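So the structure is just underneath, and the comments pick up after that.
FYI, it's all coordinate maths here, none of it is from the lab. Just so we're clear, the structure is a prediction, and the values are computed from it rather than from any experiment.
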Amino acid sequence: MFCLVYTSKANADFGLQKVQEMLVKARDSNAQQNITGCLLYFNERFIQYLEGDEITVKELYAKIEEDSRHSEVKLLSQSRIHNREFITWRMAFEHLKSENSDLQYLKLLVATFFENPENSLSPNPTSIEFWNATKLLLTTKYADKSA
């Protein structure tokens, strides 16, 4: 099993509605390729965690680098992992613009990372601890909605 994390900047015409449309297609494609992960969107920037077979994930990342809907694509980290973090989510997604108090911690971590990656708060998006926290917060958020 393999994971990678990257960041990018959405182009001006790639707003939230188009992101939502892209997610529908990405989730279908990810299901076919056995890829799982999480996409965070904050201040027109993305941070994405992808996991699956190493070759498949790297091929997907190569396509992402060429995607004209965003720019400044930068690989933050990549590594082999023992287990999937987002095993039940073909692509978890959160737009961190809202004032949801449950996600303020996550929003703070992402904001400080974008402002100054070298001195960002820990855990930051390059670490598995960040994505574990993200998974926990999103799982709790969506579990509360279905209760």
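Pull up all non-local amide H partners of residue 73: gap of 5 or more, or a different chain, and H-to-H distance under 5 Å with H placed in the peptide plane.
Answer set, sorted by chain and number: 9.
Eight or more residues apart or on different chains, and alpha-carbon atoms under 19 Å: count the Lys pairs in segment 2-146 matching that.
18
Which one, 55, 87, 64, has the greatest fluctuation when you compute a Gaussian network model over the chain with C-alpha springs under 10 angstrom?
Looking only at 55, 87, 64, the largest GNM fluctuation is found for 55.
Please report the relative contact order for the chain, taking Cα pairs under 8 Å with a sequence separation of at least 6, and give it as a percent rounded to a whole number.
On the way: 213 pairs, mean separation 44.9, N = 147.
Reported relative contact order: 31 percent.
Explain nothing, just compute: Karplus ³J(HN,Hα) = 6.51 cos²θ - 1.76 cosθ + 1.60, θ = phi - 60°, for every residue of segment 33-39 in order, whole Hz, x for Gly and Pro.
Karplus values, whole Hz, x for Gly and Pro: 9, 6, 10, 10, x, 8, 10.
Over the chain, one equal point on each Cα, no solvent: what is log10 I(q)/I(0) by the Debye formula at q = 0.11, 0.18, 0.21 Å⁻¹?
For the chain at q = 0.11, 0.18, 0.21 Å⁻¹, log10 I(q)/I(0) is -0.38, -1.12, -1.59.
Search the structure for amide H atoms under 5 Å from the amide H of residue 45, placed 1.01 Å from N in the peptide plane, and list their residues when 5 or more places away or on another chain.
10
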